[in-house]
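First the structure, in the form of structure tokens, and then the observations on it.
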Amino acid sequence: MDIAVLIKQVPVSNNVSVDPETHALIRASAEGMINPADLNAIEEAMVLKEQTGGKVVVFTMGPPDAEKALREAMAHGCDESCLITDRAVAGGDTIATAKVLAEAIKKYGKFDLILSGALSADGATGQVGAMVAECLGIPHVAEIQSIQYDEAVPDKIDAVKKVYGERFHVRCALPAVLSVNFGSNVPRLATLRSTRAAKNKPLATYTNADLKLPADQVGIPGSPTAVIDSFEPTGGRMAEMLEGTPEELAVKLKNMIDEEKGKL
Amino acid sequence: MEKKKIGIIGGGISGTCLGYHLSLYDNAEVIVFEKDTIGGASTAKSAGTVCLFDDSLKNRYWDVRLYGFESYLKMEAEEKGSAGFDKTGTLVVATNEQVEATIKTGIALAKAAGYSGEYITDKDRIKEILPDISTDNILGAGYTADDGYFDGTMISNTYAKKMQKNGGVIKTGVKVTEVVVKDNKVTGLKTSEGEEYEFDYVVDCTGPWSKFTGEMVGVDVPIWHTKAEAFFLCPPGKKLNYTFPVLKYPEFYGLRAGDNIFICKSHLSMDLNNPMHAGQWDPDKLPATGGTDDYFIDFLLDQLEVKVPGIVDSGLVSSWLSYRAEPKDFLPILGETPVEGYILATGYGGNGVIEAPAASRDLAKLIMRGESTPLLEDWAFKRLLG
């Protein structure tokens, strides 16, 4: 089974600033990492690959330094990668982004399954996976916990969802897009050896000249939605330092908890 | 007795340890200014290995090592966890005769101070201590069960508390914006809060920031940043069934960190002329995690494949990059500068946790009584001039 995984680079820390003019998140101010739920998607892909063979190709749209996230994904076991980077596609909303990713997937090759993380740690819209499926005209199952594949039924796949504590199996035809929940599995770690090997794995780079999407369909011009307001969370250091012996600290803590309970 | 007012810039191991040692004098008025949190910057990224006979500090400075080690043991005995001591023991591997001789001298010194130490040439015995090691191409190893590693952040906070008990003041979240100098003499400093303080002495304990701190008084502090690139490895079996000791090779060192293993290139193997190893950068731009270079992956893989093959296929849990502040001779810069009252306690490089107690003890005496010591003479700023 050939699998595409869609990943996103998100800031390591929550300390992200907001552009007061465009209301966009200024990500250049923070170190990037692979969106945590996307690591769960990669792990699902790796398990399926071990079961069925084939290859796993990881896709991302972003600035040139998003190559780092792709190399890291390949250190986690993905075989190939594709970076879509072009100022023309930058700043797009979820629809414009999905169009670009769908076009890149079509251009790259034929895939039996496309996986993404269910939510990004920064934007957290949870929309791109579903929109990619829509652009490609294939089924989508959102917020899944795991995947079950039966080789006796090679043209279908079971997406396992958890709803109110119950597990539901949603069977859908392949190819399909599945969005994997954060924390649904334990992603394997990269090793020194796999990190070094990832440096030499294939990485294709596409611009919009390769994808040939109309300029008014991508980036800011291709985005029907606009962020009209955003704000940086206010707050501050609310921690109170307690001092004393362990016994005194325990009494103080208990009193504070009792006091808080009294407010409820 | 006339009070002496001392302002300390930086609340890492250097600043808090000096603050504590100064607070032991009844005529000292000490304020530590920390722009972030106590022991939270390069101190927090320190491995905290204070071993009885590794290669991090020459045997010439054995007393410095012993004073540091015993200061922390006493701290830990006063309140468990206050120095974050993990008594794992240390294995120092001899890869050539020169290293072997250094280890043997260190063992003799440790034993003279009442600690255990043995030089082992029986390779089966070395593998008993560290089953994942390769004993090919080594002469032997020094081992003691008495030491291990400490937690620089815990120690800094403990010194800060002890200093406060003695009347010292800590100001966190406060950045020093100007050191006031009149007629080439320090008179005080100004902070980001808009406050102005009068001091007889201002001490730069800012480590990797010293280059910038010194610029405030026109002192060119001759330090370079060397990259401390650290990786946390999850062993292939997820959990080791033995106590991973502090492991020292001339090229790198390792220690346990919970169920993981911390590995870092040794600071004495850094080449100040290699731009991949050293430079003068902005420590404020360091990310909290990550930031390591590809060359280090290659270096570490090559080293572990040959020397500790049992952990070479460990998972990479996380990594970080820190800057050590190193003068050209890899020794600290302590004491007076051409600006009267502007004192340095910086440049500890990778050895801040080891060296700070003895250095602070002597520096406090110099500031409070005007009495120098052989250690201060050795590590004086003037050695680096001209």
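For chain A, what does the relative contact order come out to in percent, with C-alpha contacts under 8 Å and a separation of six or more?
RCO, chain A: 24 percent.
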>> Given contacts defined as C-alpha pairs under 8 Å and at least six residues apart, what's the relative contact order of chain B, whole-number percent?
In response: 22
>> Just to be sure I understand: with springs between alpha-carbon atoms less than 10 Å apart, which residue in B:T346, B:T292, B:T373 has the highest mean-square fluctuation in the Gaussian network model of chain B?
In response: B:T373
>> Give the separation of the Cα centroids, the range A:32-94 to the range B:174-193, in Å.
In response: 50
> What is the mean number of Cβ atoms from other protein chains located within 10 Å of the Cβ atom of each residue in peptide A:182-193, rounded to a whole number?
Replying inline: 4
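Checking a compactness column here: for the range A:3-217, what do you get for Rg(Cα) / (2.2 N^0.38 Å), N being the number of residues?
0.98
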> Based on the Kirkwood radius over alpha-carbon pairs, what is the Stokes-Einstein translational diffusion coefficient of the range B:1-83 at 10 °C with 1.306 mPa s viscosity, in µm²/s?
Replying inline: 109
> What residue among B:S266, B:S14, B:S372 has the largest mean-square fluctuation in a Gaussian network model of chain B, using Cα springs under 10 Å?
Replying inline: B:S372
> Taking 0.36 nm per residue of separation and subtracting the Cα-Cα distance, what length does fully extending B:A145 through B:L272 add?
Replying inline: 42.3 nm
> Taking a probe of 1.4 Å, how large is the accessible area per residue of the range A:3-217, in Å²?
Replying inline: 46
> Relative contact order (percent) for the range B:166-322, with alpha-carbon contacts under 8 angstrom and 6 or more residues of separation?
Replying inline: 21
> Which whole number in µm²/s is D for the range B:247-316 by Stokes-Einstein, with the Kirkwood Rh taken over Cα pairs at 37 °C and 0.692 mPa s?
Replying inline: 240
> Can you give the Rg to Rh ratio for the range A:134-239, taking only C-alpha atoms and Rh from Kirkwood?
Replying inline: 1.08
>> Once each part is reduced to its C-alpha centroid, what is the distance from the range B:1-58 to the range A:130-186 in angstrom?
In response: 56
> From the cross-link list B:K35/B:K227; B:K45/B:K265; A:K99/A:K212; B:K58/B:K162, which pairs have alpha carbons spaced over 18 Å apart?
Replying inline: B:K35/B:K227; B:K58/B:K162
> What lysines sit close enough to B:K182 to cross-link, taking a C-alpha to C-alpha distance under 23 Å and skipping anything fewer than 8 places away on the same chain?
Replying inline: B:K3, B:K4, B:K5, B:K190, B:K211, B:K382
> What do you get when you divide the Cα radius of gyration of the range B:139-194 by 2.2 N^0.38 Å, with N the number of residues?
Replying inline: 1.95
>> Which three extents, in angstrom, do the Cα atoms of the protein assembly as shown have along their principal axes, listed largest first?
In response: 85, 64, 60
> Direction-averaged shadow area of the convex hull around the Cα atoms of chain B, nm²?
Replying inline: 18.7
> For the pair A:E259 and B:E128, what calculated FRET efficiency results from E = 1/(1 + (r/R0)^6), where r is the Cβ-Cβ distance and R0 = 35 Å, to the nearest 0.05?
Replying inline: 0.05
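Residues of B:264-273, mean number of Cβ from any other protein chain within 10 Å of their own Cβ, rounded to a whole number?
Values: counts 0, 0, 0, 0, 0, 0, 0, 0, 0, 0.
For peptide B:264-273, the averaged partner shielding equals 0.
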> Which of the lysines could be linked to A:K254 by a straight reach, that is with a Cα gap under 21 Å, when you skip same-chain ones fewer than 8 residues away?
Replying inline: A:K263
> Quick one: Kirkwood hydrodynamic radius for the range B:186-334, alpha-carbon pairs, angstrom, one decimal?
Replying inline: 17.6
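The values are calculated or read from the model by the stated rules, or taken from the named source; none is laboratory data. Only a predicted model underlies this, so the values are computations on that prediction, with no experimental measurement involved. When we count neighbours, we look across all protein chains shown, and the Cβ atoms used for this are built from the backbone with ideal geometry, even at glycine. The protein model used for the area step is the full one, side chains on, heavy atoms only, and it has no ligands, DNA or RNA in it. Shrake-Rupley method; radii C 1.70, N 1.55, O 1.52, S 1.80 Å.
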